[in-house]
Amino acid sequence: MEFIFASGNAHKAAELAELFKGSNLSIVAAPEAIAVEETADFLYGNAEIKARAYYDKFKRPTVADDSGLFVEALPAELGVLTARFGGDSLTALQRCELLLKRMENESERSAFFMCVLCFVLSPTEIYFFEGRLNGQIGKEIVGDTGFGYDPIFYPNDLKHGPLGAQSLAQDEVFKMAHSHRARAVARARSFLTSYIARP
Ligand code: IMP
């Protein structure tokens, strides 16, 4: 079964396509990007808004994702608002710097990335899958290859430094196996492959 990815982000569409390789699901870029306002107060709602908007326009099975960084010490400021932390005009690096500044004197540094995938197979068949990557917010920017908040995020329990400190290739290998997105995809694969193949 083929799903279109409800986003204009070609890099993410390619990453998802790779994660679903070898299954009976394939992900392709949407024919065109459409503007969707993400007005929900949590990731599930925003993923659903995007997936339904693309499904309604293209009338094809659709998947959308929404993700965010949840920081224990700043519960109200990131999460669903992660992409807008500090205002719309900041670069990713400036957002990392701002977060480090806000946490200067903070000893509680736990955080997690969370990804929600919403699959719309038809208007009445909608499924959600969640993945998390637990870690810690570091004390300084490390490396210059990471995406988003990677340069200040240290995954827990895994022999990998802060994500931005490795080469981009090493980070990508790590993320394909362990990221919040990879974990959400693993759950989606496990359920949907048998759901789609049912008699
Ligand atoms: P979106 O769902 O792609 O809009 O991501 C929301 C926010 O979370 C953006 O600011 C991203 O930079 C950040 N984010 C999501 N996934 C990751 C990741 O794997 N590493 C670093 N930042 C991420």
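The table that follows gives values for the structure above.
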quantity: Heavy-atom accessible surface of region 2-197: percent carbon and sulfur, 1.4 Å; calculated: 51 percent
quantity: 0 to 90° range, to nearest 10: angle between helix 168-178 axis and the chain longest Cα axis; calculated: 60 degrees
quantity: Efficiency of FRET from Cβ geometry, residue 190 and residue 57, R₀ 25 Å, rounded to 0.05; calculated: 0.30
quantity: Gained length - residue 81 relative to residue 141, 0.36 nm times residue gap less alpha-carbon distance; calculated: 19.5 nm
quantity: Å² per residue, accessible surface of region 2-197 at 1.4 Å; calculated: 49 Å²
quantity: Potential extension, residue 126-residue 177 segment - 0.36 nm per residue separation minus Cα distance; calculated: 15.8 nm
quantity: Magnitude of the charge dipole, region 1-127, Cβ model with Lys/Arg +1 and Asp/Glu -1, debye to 20; calculated: 320 debye
quantity: Förster radius 25 Å - calculated FRET efficiency between residue 14 and residue 170 (Cβ-Cβ, nearest 0.05); calculated: 0.85
quantity: For the chain, with +1 on Lys and Arg beta carbons and -1 on Asp and Glu, the positive-most of 39, 128, 149 along the dipole; calculated: 128
quantity: Whole-number Å³ per residue for the convex hull built on Cα positions in region 53-133; calculated: 112 Å³
quantity: Span per principal axis, largest first, for the Cα atoms of region 2-197 (Å); calculated: 50, 33, 25
quantity: Positive-end residue of 184, 107, 96, charge dipole of region 2-197 with Cβ unit charges; calculated: 184
quantity: Which listed pairs, of 101/175; 50/175; 12/59; 21/175, have C-alpha distances above 19 Å, in listed order; calculated: 101/175; 50/175; 12/59
quantity: Mean-position separation - Cα centroids, region 78-140 and region 14-49, in angstrom; calculated: 17 Å
quantity: Per-residue [θ]222 nm for the chain (sum of -39500 (n - 2.57) over DSSP H runs n ≥ 4, rounded to 500); calculated: -10500 deg cm²/dmol
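The values are calculated or read from the model by the stated rules, or taken from the named source; none is laboratory data. The model shown is predicted, which means the values in this text are computed figures rather than measured ones. Quick reminder, even Gly has a Cβ in these numbers, built from the backbone with ideal geometry, and neighbours come from all protein chains shown. Just the protein is used for accessible areas: all its heavy atoms, side chains included, with ligands, DNA and RNA removed. Shrake-Rupley method; radii C 1.70, N 1.55, O 1.52, S 1.80 Å.
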